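In what follows, a structure is listed as structure tokens, so that the remarks can point back to it.
The values are calculated or read from the model by the stated rules, or taken from the named source; none is laboratory data. Keep in mind the model is a prediction, meaning the values are calculated, not measured. Here the Cβ positions follow ideal geometry from the backbone for every residue, glycine too, while neighbour counts run over all protein chains shown.
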Amino acid sequence: MTKPNARTILALVAAGLLVVVVAMVGVLVVTVRNAPEHAPELTAYAHGTTVDVQPFAYCAVTMQDCKVLPERPEDAEGTVFAGLPCDPDATECKQGHTVNLEVPPGYPLQLSLPRKVADAPWLAQLIFVTPTGEKVAQVISRNDYPEGAMALTIDSRPIPELRLIGVELQLPILARDETGREFYVPHAAWSISTV
């Protein structure tokens, strides 16, 4: 029996490495493909601070199979999310909550949207407070920004009498009540307190 030469040994090592690399890529592809889909996150920035904003609530457009529901039942009271069930296939229904990010008056709140949200027909409820404590709501939507915009800048004090105290970004769907009246409800929402 003859000893293998250096070229044969190198060829065998290269073939072995190729098999290992192909196996690792195959395992990686299967792992990524089978990974559970997670709800999209927003990124909020103000006055030198950045926070990731997980959904407050996140359901399928059929208002079933919720992956995220409000952390406390009282947070869902009076909303479309009250009493909704979690996705039966979910190993654990995540609990959503309002994220706190201090936005000093005069500084903007900047939101970075993932492509999945930016391409959807989103709207945002901006909540302002007057010096007397009265709350004033303003609604902005994807239609107020250029096509494909993935970043929003929200003025925390659009006029001197108003101060931004919260933002809720929503993905709405059309709903109909028993009388046939149509209206919008969110199937997903992200909530930020700015005080």
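Observations, loosely collected:
For (1) among the β-branched types (Val, Ile, Thr); (2) surrounded by fewer than 18 Cβ atoms within 10 Å (Cβ to Cβ); (3) under 25 Å from Leu69 (Cβ atoms); (4) in the same structural domain as Gly83 (by TED's automatic domain parsing), each residue gets a yes or a no:
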residue	(1), (2), (3), (4)
Trp122	no, no, yes, yes
Leu126	no, no, yes, yes
Asn143	no, yes, no, yes
Pro158	no, yes, no, yes
Leu174	no, yes, yes, yes
Val185	yes, yes, yes, yes
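- Residue that is nearest to Pro160 (Cα to Cα) [pool: residues in region 83-136 that are in a loop (DSSP other than H, G, I, E, B) and of a type in the set (Phe, Trp, Tyr)]: Tyr107
- One residue from Glu178, Glu182 being out of contact with any strand residue (DSSP E or B) (no Cβ under 9 Å at 6 or more places or on another chain), over 19 Å from Gln54 (Cα atoms) and of a type in the set (D, E, K, R): Glu178
- Scanning region 88-120 for residues that are surrounded by 17 or more Cβ atoms within 10 Å (Cβ to Cβ) and charged (D, E, K, R) yields one hit, Lys94.
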